[in-house]
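Shown next, in structure tokens, is the structure this report addresses.
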């Protein structure tokens, strides 16, 4: 791979596929745009996304990881962080981390009329499982890709 030079983050293309979720859930990610900063530079141990949530968009299905840590840093806007602890209004320069296996399912919701811009950073530990308390879905990280099933184990 050719060494990449410093670049403006907004010059990195928006991810073509809006979501890895099965279609029944993928359409709920409308209004979310991710620029995969870490992938652009060939990082393999952790990922960094510059994510934009348009008005009324959500970051993901509310979820928790068993083996992967997650970190969110708000750059612009005022999303609502929804967790097991309730709702928290976030603002620029606020951040939060979710240690692996904390069980604190989370996601961001943009309930405003302005875009929200944030960095999401997570490791890529193999064998991770994502738990979705609000939806009939679960995920397992296999060979670097998420495999989604219903909670009873049936594939999508």
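The values are calculated or read from the model by the stated rules, or taken from the named source; none is laboratory data. Quick caveat: nothing in here was measured; it's all calculated off a predicted structure. Neighbour counts run over all protein chains shown; Cβ positions are idealised from the backbone, glycine included.
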Tally, over the stretch 129-156, of residues that are assigned to a loop (DSSP other than H, G, I, E, B), modelled with pLDDT of 95 or more and surrounded by 13 or more Cβ atoms within 10 Å (Cβ to Cβ): 5
Residue ID - nearest to the chain's Cα centre (by Cα), chosen from residues in the stretch 111-128 that are assigned to a strand (DSSP E or B) and over 17 Å from residue 63 (Cβ atoms): 119
Strands (runs of 3 or more DSSP E) completely within the stretch 1-98 that count 2 or more residues being out of contact with any helix residue (DSSP H, G or I) (no Cβ under 9 Å at 6 or more places or on another chain), over 25 Å from residue 139 (Cβ atoms) and modelled with pLDDT of 95 or more: 70-76
Near pairs, Cβ below 6 angstrom, 6+ apart or cross-chain, from the stretch 64-78 (surrounded by fewer than 21 Cβ atoms within 10 Å (Cβ to Cβ)) to any residue that is assigned to a strand (DSSP E or B) and modelled with pLDDT under 95: 69/123
Any hit, the stretch 17-38, residues being loosely packed, with under 13 Cβ neighbours inside 10 Å, out of contact with any strand residue (DSSP E or B) (no Cβ under 8 Å at 6 or more places or on another chain) and under 18 Å from residue 112 (Cβ atoms): yes
